[in-house]
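The values are calculated or read from the model by the stated rules, or taken from the named source; none is laboratory data. None of the values given here were measured: they were computed from a predicted structure. Here the Cβ positions follow ideal geometry from the backbone for every residue, glycine too, while neighbour counts run over all protein chains shown. Calculation scope for accessible area: heavy atoms of the full protein, side chains included, ligands and nucleic acids excluded. Shrake-Rupley method; radii C 1.70, N 1.55, O 1.52, S 1.80 Å.
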Amino acid sequence: MKNRNAVVTGSTSGIGLATVRGLAGRGCHVMVNGFGDRAEIDRSCAEIAERSGTRIVYSGADLSRPEEARAMMAQAADMLGPIDILVNNAGVQHVAALHEFPDDKWDLLLAVNLSAAFHTIKAAVPAMRERGWGRIVNTSSVLGMVGAPHKPAYVAAKHGIIGLTKSVSIELAPHGITCNAVCPGTVLTPIIERQIAQQAQVTGLPEDQVLKAVFLEKMPTGRLIGPEEVAAAIAFLCSDSAASITGAVLPVDGGYTTH
Ligand code: NAD
């Protein structure tokens, strides 16, 4: 993977940031994307670049806007060269009872968690086809495989991205490009920390009970998953060794979807 050029969306924290570290550690140059404190993001990019000896650049593109997603892909190619690896990882969540679920949250979740991947893939594919090599990994979720209450937009988008993954994988397989989805169980990152608070509000349970009843109970391993465990699965799917794995839906879920 040395000297491959990668874009990892939603990589200023959590699984995305761990994925940047994983890919950079294997010799990739990476464009980081996402929100957060700019000074902190710059510090973290500089630290990864120094440790890995690769180029780490940043785009603050808001991927709920298709034009920003397209501009980010163009900027990544300008700054790094043709993009070999695309990890669509940006995601947002909103938890509310169905009859109270805000319309604008439905639109936002579908835009960031599903449509953004369509726009980045569309932008990345011509250069990948030209070079006859490409790796696309989409971060879905266990909630792309099974349902859950109070999360209609998230569950719909995460199921949708698995459909997108399968369609893209078939179309691009003859061009040396793979497209796979990873489906994490509960990984302790900011998106989950916010959800624990929201779920506590919806269910009336204290936060420690929410963590146990809503998140840990479903995983036979009974423990939270580390972001670096998901990042390792993503890095493998981006490697040459995974050339024959495409259209796969890979749970990294402590057994969540086995029952
Ligand atoms: P996180 O909140 O740490 O990361 C989300 C990232 O997306 C951040 O970098 C954030 O800035 C970015 N982002 C949000 N809105 C954006 C926008 N409009 N444009 C660009 N970037 C935006 O959470 P995480 O857990 O690391 O989530 C990463 C992915 O993993 C998400 O797709 C999430 O749905 C998925 N996932 C997480 C879990 C979990 O338990 N944490 C489980 C299953 C799936």
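Hey, does segment 79-101 have a residue that's among the hydrophobic types (A, V, I, L, M, F, W, C), assigned to a loop (DSSP other than H, G, I, E, B) and closer than 18 Å to residue 31 by Cβ?
For segment 79-101, residues among the hydrophobic types (A, V, I, L, M, F, W, C), assigned to a loop (DSSP other than H, G, I, E, B) and closer than 18 Å to residue 31 by Cβ: present.
If you check residue 131 against the conditions, is it under 22 Å from residue 28 (Cα atoms) and out of contact with any strand residue (DSSP E or B) (no Cβ under 6 Å at 6 or more places or on another chain)?
It is true that residue 131 is under 22 Å from residue 28 (Cα atoms) and out of contact with any strand residue (DSSP E or B) (no Cβ under 6 Å at 6 or more places or on another chain).
Suppose we keep only residues that are assigned to a loop (DSSP other than H, G, I, E, B) and out of contact with any helix residue (DSSP H, G or I) (no Cβ under 8 Å at 6 or more places or on another chain) within segment 227-247. Which one would you say is least open to solvent (accessible area, probe 1.4 Å)?
Checking each candidate, the answer is 239.
All but one of (1) touching a residue at least 12 places away in the same chain (Cβ under 8 Å); (2) open to solvent by 10 Å² or more (accessible area, probe 1.4 Å) hold for residue 182; state the number of the condition that does not hold.
Residue 182 satisfies every listed condition except (2).
Sort out which residues of segment 23-44 are part of a helix (DSSP H, G or I) and away from the ligand (no atom under 13 Å from the Cβ), and write them in order of number.
Selection gives 23, 24, 25, 39, 42, 43.
Being over 26 Å from residue 169 (Cα atoms), open to solvent by 70 Å² or more (accessible area, probe 1.4 Å) and in contact (Cβ under 8 Å) with a residue 40 or more places away in the chain, is that true of even one residue in segment 86-100?
Checked against the condition, which is being over 26 Å from residue 169 (Cα atoms), open to solvent by 70 Å² or more (accessible area, probe 1.4 Å) and in contact (Cβ under 8 Å) with a residue 40 or more places away in the chain, segment 86-100 yields at least one hit.
Can you pull out the residues in segment 142-159 that are over 16 Å from residue 196 (Cα atoms) and touching a residue at least 60 places away in the same chain (Cβ under 8 Å)?
Of everything in segment 142-159, those that are over 16 Å from residue 196 (Cα atoms) and touching a residue at least 60 places away in the same chain (Cβ under 8 Å) turn out to be 142, 144, 145, 146.
Between 206, 220, which is touching a residue at least 24 places away in the same chain (Cβ under 8 Å) and open to solvent by 40 Å² or more (accessible area, probe 1.4 Å)?
Just a single option satisfies the conditions, and that option is 220.
Find the residue count for segment 45-74, including only residues that are out of contact with any helix residue (DSSP H, G or I) (no Cβ under 7 Å at 6 or more places or on another chain), in a loop (DSSP other than H, G, I, E, B) and within 13 Å of the ligand (Cβ to nearest atom).
Number satisfying all stated conditions: 2.
For segment 131-216, list the helices (runs of 4 or more DSSP H) that sit wholly inside it and hold at least 2 residues that are closer than 20 Å to residue 258 by Cβ and among the aromatic types (Phe, Trp, Tyr); which are they?
Correct list: empty, since no element meets the threshold.
Rundown of residues vs (1) modelled with pLDDT under 95; (2) in contact with a Cys (Cβ under 6 Å, 6 or more places away or on another chain); (3) open to solvent by less than 10 Å² (accessible area, probe 1.4 Å), yes/no style:
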position: 126; (1), (2), (3): no, no, no
position: 135; (1), (2), (3): no, yes, yes
position: 173; (1), (2), (3): no, no, no
position: 191; (1), (2), (3): yes, no, no
position: 197; (1), (2), (3): yes, no, no
position: 201; (1), (2), (3): yes, no, no
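With surrounded by fewer than 24 Cβ atoms within 10 Å (Cβ to Cβ), under 15 Å from the mean Cα position of the chain (by Cα) and touching a residue at least 40 places away in the same chain (Cβ under 8 Å) as the only criterion, which of 21, 26, 70 stands out?
Just one listed residue meets the conditions, 21.
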